[in-house]
Amino acid sequence: MELKVGTLQIASLLLAVLLFGCSSAPKQKTEFEKQIDAVPKPTTEADRLVQCKNLSSMYLFEVLDAGATVSASSLFQSREPSRAIAIYQRMIAISCTRAQRQPWLAL
């Protein structure tokens, strides 16, 4: 009987931790993510192509800037990886093809 009570207590503690202890608050959007979301979705195919091209350029500059800032002088600067992620997610949301999202791969 002692073994069953002990395992029941352990199981109830583990269940309580799983249910209540592992929850986290939802992630707040950064100002840049809010700005990206505020841009209206394209209504025509031409607008979509223009937005895909512009977002692709922004994404490339974000990725290149992130790679260029890895130096001793930039150790104290905080990089925002969420900027590139927000741009990429926006490109997916407006249905940019892979070739439109990453045209530099075709070079």
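The numbers here are math on the coordinates, done by the rules we state, and not lab data. The model shown is predicted, which means the values in this text are computed figures rather than measured ones. Backbone-built Cβ (ideal geometry, glycine too); neighbour counts: all protein chains shown.
Pop the C-beta distance of LYS41 and ARG98 into the FRET formula with R0 = 22 Å and round what comes out to the nearest 0.05. For LYS41 and ARG98, the calculated efficiency is 0.70. Residue-wise HN-Hα couplings along the stretch 88-103, as the Karplus relation 6.51 cos²θ - 1.76 cosθ + 1.60 with θ = phi - 60° gives them from phi, are 5, 5, 5, 4, 5, 5, 9, 6, 6, 6, 4, 5, 6, 6, 9, x Hz; Gly and Pro carry x.
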